Every structure is written in C-alpha cells, then in structure tokens.
Amino acid sequence: MNFIDEKKLPPHIFYETLKNKENLTELKNTVYKYSSVPVSTREYLKEFGAQLIRNYRSIFTDNRILSHEKGCRYLNYWVDNEICHYERQYHVSGFENYITQFVTEVWKQLGTEVDNPCKRDEYRFAINEINIKKDLDDFCTIRDIIRTKTKDDYTCKAVNGWVKEKYEKYFSRENCEKYNRMNVGYNKDFSPFHISNDCTFYDIPTTFRSFHCDNYIPEYKIKSISNCERNTLSGEKPKLGKFQDSLDNKFNISTGIGTLIASLTVLGTFFIFFMIYKFSPVGSFLRHNIMKRYKIQKNIDDATKEFLQNALHNVYKHSEEGTHFIGYNSV
C-alpha cells in the first residue's frame with residue numbers, strides 16, 4: 001500500500017466507537033443512579049452519562065483492539081473533550097463545576113462495576129494539549145502496528161513519508177516554536193507531551209524514528225521539543241549537521257580574530273603613549289609638572305605632620321595638669 005489509511009487502524013476505530021451516540025435510550029433512564037447531580041432538567045447530562053456508562057462498561061471493558069492501558073487513555077481523552085464541549089455549549093465555567101462533579105461521581109461508581117477499572121486522569125490539561133497528546137498516542141500506536149507489517153502491506157516510501165509528515169506537523173521550522181511555547185512549565189516528568197520513553201516529544205529521534213528499508217537515508221530531527229530554537233529546515237539530510245559545524249567554526253574564527261585585534265589595539269595605544277611621554281616635548285612638560293606637584297605635596301605633608309605632633313603634645317600636657325569631673329544634676 002502506498003499510503004497509511006489511519007481511519008482503518010485501531011486508534012481511530014476505537015475512538016469513533018466511543019463517540020457514537022446511538023442506542024442510549026435505556027441507559028438514559030439509569031443515569032440518575034450514578035450521581036447526585038440533578039439530571040431531570042438537563043437532557044444533555046442524561047445523554048453524556050448514558051454514553052459514559054456504555055463506553056466504560058462495554059466498549060472499554062470488551063475492547064480487544066487496544067491494550068487495556070491504551071484503551072483507558074482513549075476513554076479519558078473522550079471524556080475530557082466531552083466535558084469541554086458541554087462547558088462551552090452551556091457556558092459553564094470553573095475548574096470544579098457540576099459537569100466535572102457529575103463525571104467524577106459516575107466514573108467512580110462505574111469503577112466498582114468492572115473487574116479491571118480505568119483510572120481517571122485527575123489533572124486536566126488544556127483541551128488543545130490533550131488533543132496533541134491523543135495525536136501523539138495515535139502516532140505511536142500506528143507506528144508500532146506498522147513495525148509488525150511487511151513491505152507487502154506498506155511500501156518503504158509510504159511509511160517514511162508518513163513519519164516525516166507527522167514529525168513536520170509539530171517540529172518543522174514553521175510549527176516548532178508554537179509547540180515549544182506550549183511546553184513552557186512542563187518537563188518529561190509532568191507533561192501532556194510525554195506518554196512513554198519511546199512516545200514522547202522529549203526524545204524525538206526515538207519517537208519519530210524512520211524505518212530502515214530500501215537504503216532509505218534518515219533525515220535530520222531535533223532531539224527534543226525544547227530544542228526548537230536550534231531547529232533546521234525540515235527535509236534536509238543529515239549532512240546539514242556538517243553545514244552547521246561549518247557555521248560554528250566560522251563563528252569561532254571570527255571571535256578569535258576580534259579578540260586579537262582588540263589586544264593589539266590596547267598594546268598599540270600603550271606604546272604610543274609611552275613614546276610621547278618619554279621622548280616628545282609634551283612628555284617633558286608632563287614629567288616637569290608631575291615632579292613639581294609631587295614636591296609641593298611632600299612639603300605640605302611634612303608641615304602638616306609637624307603641626308599635628310606639636311598640637312597633640314600640648315593637649316596631652318594640659319590634660320595632666322587638672323582633673324575633670326562630670327556630674328548628673330536633677331532638673
């Protein structure tokens with residue numbers, strides 16, 4: 001096959017199943033049992049609750065196309081998007097509100113009804129960050145599926161073209177800075193852009209590794225999302241690194257020449273001043289005045305010293321001739 005049809009692969013199929021709103025009538029009548037939030041006057045909460053009950057108890061639990069861990073993540077992605085949708089549609093604000101309370105209570109109750117429950121992500125990232133995480137999850141899941149296939153399933157050009165397309169979506173020169181700004185305040189230990197060591201924006205060459213086939217030459221990729229400021233043009237071959245080294249060498253050479261010129265300038269200025277001072281009429285004038293000022297200052301210092309010594313002697317002499325008393329008198 002000459003292209004990757006993601007709609008026919010497990011991540012897309014599973015997520016579309018979660019979004020399905022059909023055949024929910026019976027479950028709508030049971031939603032009130034799962035939460036203390038009133039739903040009788042909120043039809044959209046009935047539908048949301050019924051969908052969540054079905055997705056958790058049936059689609060997630062009976063899932064055979066994704067691992068339990070991945071299925072749980074996709075269930076969380078779907079719930080977060082639904083919460084955001086209903087908050088916007090019904091103008092509900094606040095990190096904690098009746099919609100999030102409703103989800104928390106229904107999710108907790110559902111966890112008691114299955115043998116292998118799904119953990120709810122407690123921290124709510126911004127919805128655009130959650131969707132980027134889902135895209136990353138989609139990519140890594142499909143990438144791992146492709147690794148189990150042969151050239152009869154997908155051509156070398158198709159799989160590497162697909163990897164390049166996904167890489168450039170986030171890390172091309174045009175896009176990288178946008179996502180780098182979103183990464184501010186996050187790191188590998190806490191971020192919507194990290195799922196595992198081989199599915200992360202913090203080790204891009206590993207995550208977006210090209211497939212080695214048909215003598216394909218891997219293209220240059222930045223190391224991490226935080227390296228966007230050093231990003232190069234997408235689509236360049238690895239030899240671009242040599243070009244970058246050449247630029248660095250030129251920069252170092254220019255810096256060395258600049259330092260040498262500055263040093264020679266300082267030395268030249270000092271030498272010229274020395275010659276003027278030592279051998280020119282201006283230098284003779286300066287030396288004469290400097291010596292004259294030095295002699296005058298020395299005479300002043302000697303006279304001052306003699307005056308102070310005499311004055312101190314007189315004070316000390318008079319202080320011995322009488323006794324002074326200081327008393328405290330009442331006022």
message: Let me test this: with uniform point scatterers at the alpha carbons of the stretch 1-61, what is the Debye-based log₁₀ I(q)/I(0) at q = 0.13 1/Å?
response: -0.43
query: Share of Cα-Cα pairs in the stretch 1-124 beyond 26 Å, in percent?
result: 20
query: Using the Cα atoms as the points, what is the convex hull volume per residue of the stretch 51-177 in Å³?
result: 138
Karplus-derived 3J(HN,Hα), 6.51/-1.76/1.60, for each residue of the stretch 149-160, Hz, glycine and proline x: 9, 10, 5, 6, 8, 9, 6, 4, 5, 5, 6, 6
query: Can you work out the FRET efficiency for the pair residue 114 and residue 29, with r the C-beta to C-beta distance and R0 = 30 Å, to the nearest 0.05?
result: 0.90
- request: With a point put 7 Å past each Cα toward its Cβ, work out how far residue 91 is from residue 165 in nm, to one decimal.
  value: 4.1
- line: Sequence order, the stretch 168-182: Karplus ³J(HN,Hα) from phi using 6.51 cos²θ - 1.76 cosθ + 1.60, θ = phi - 60°, Hz rounded, Gly and Pro as x, gives 5, 4, 10, 10, 5, 4, 6, 9, 4, 4, 4, 7, 5, 5, 5
message: Quick check on packing: order 152-164, 84-96, 191-203, 5-17 by the mean number of other C-beta atoms within 10 Å, highest mean leading.
response: 191-203, 152-164, 5-17, 84-96
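Each value in this text was obtained by applying a stated rule to the coordinates, not by laboratory testing. Just so it is clear, the structure is predicted and the values come from calculations on it, not from any experiment. Cβ coordinates were reconstructed from backbone atoms using ideal geometry, including for glycine residues, and neighbour counts include every protein chain displayed.
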